[in-house]
Amino acid sequence: MPELPEVEVVRTGLERWVCGRTVAAVEVLHPRAVRRHLAGPDDFAAQLTGHRLGTAHRRGKYLWLPVEPPVHSPDSAAAPGRAVLAHLGMSGQLLVQPQGSPDEKHLRIRFRFADAEATELRFVDQRTFGGLSLHDTVPGDPDGLPDVIAHIARDPLDPAFDDDAFHAALRRRRTTVKRALLDQSLISGVGNIYADEALWRTRLHYDRPTAGLTRPRTAELLLHIREVMNEALAAGGTSFDSLYVNVNGESGYFDRSLDAYGREDEPCRRCGTPMRRRPWMNRSSYFCPRCQPAPRPAR
Ligand SMILES: [Zn+2]
């Protein structure tokens, strides 16, 4: 499943290869890929055709491109902003491909552009849990944030992420630390793998109640989350310069050996104790029982 760094790689690719281009035609090859666009595939295509796409933005694992109104539209100033929103789901890919290159087996949506660059944008998704949709934007939002994701918190790599507010929210909530890291209303973009890696680096057990976290502990946790994400971004960065905007959850980060995730029974890289795996909310948590001791059960 693509996590934030992979999605950021896609955003960078869209920025380079798609932003500023005017849509000439949209072909929806599978209606499921636009199921969140309630007016249907034909409306999705019609609403985008002839419009220029703006700067690519990301919040957590969501990507969006503002849809600019036609230059000479008389009511463009009054009309609400719109944006095309993408979620990659489990297996979604956004690919920039040369026109005429063979269709991918799971090609779901194709964008052609009204310019001389002989490339097109393709949404490919084997399992089709992801998709594209058009939405109104939050009035006054400078990035054209789609209204349907307004409830999603900023991610820790966002310059506007508020560390103090995050700490205060952790202290207020009756929850545990890994649950909080995966709660999109508190912090976005931290998936299961990155959470386990950051918790291992911080020597925090996933089940530790957040109410007891001190400010320095929260700061340390955020530092490690950012480190893990930035390392993953650096590993995925090799694709920045390629024509192919490609994400399938298999970025370079997963080639490097992780410290926690997937290391059951292997020695902790800090203390040598065998790492453990525990079922956790239909997933798994990997941790070192010595470096990350479980919280004492409540009396
Ligand atoms: Zn250890």
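The values are calculated or read from the model by the stated rules, or taken from the named source; none is laboratory data. Note that the structure is a prediction, hence the values are computed from the model and not measured. For neighbour counting, all protein chains shown are included, and Cβ atoms are generated from backbone atoms with ideal geometry for every residue, glycine included.
For the reader, a short list of remarks on this structure follows.
- Scan of region 155-184 for residues that are under 18 Å from residue 213 (Cβ atoms) and polar (S, T, N, Q), ordered by number: 175, 176
- The numbered conditions (1) in the same structural domain as residue 198 (by TED's automatic domain parsing); (2) over 24 Å from the mean Cα position of the chain (by Cα); (3) within 12 Å of the ligand (Cβ to nearest atom) are all true for residue 259 except (2).
- The single condition among (1) modelled with pLDDT under 95; (2) not assigned by TED's automatic domain parsing to the domain that holds residue 68 that residue 179 does not meet is (1).
- Among the residues of region 41-58, those that are more than 24 Å from residue 7 (Cβ to Cβ) and of a type in the set (A, V, I, L, M) comprise 45, 46.
- Flag if residue 287 is among the hydrophobic types (A, V, I, L, M, F, W, C) and either within 16 Å of the ligand (Cβ to nearest atom) or at pLDDT 90 or above (or both): yes
- Candidate set from region 23-63 (those that are part of a strand (DSSP E or B) and surrounded by fewer than 15 Cβ atoms within 10 Å (Cβ to Cβ)); member that is nearest to the chain's Cα centre (by Cα): 27
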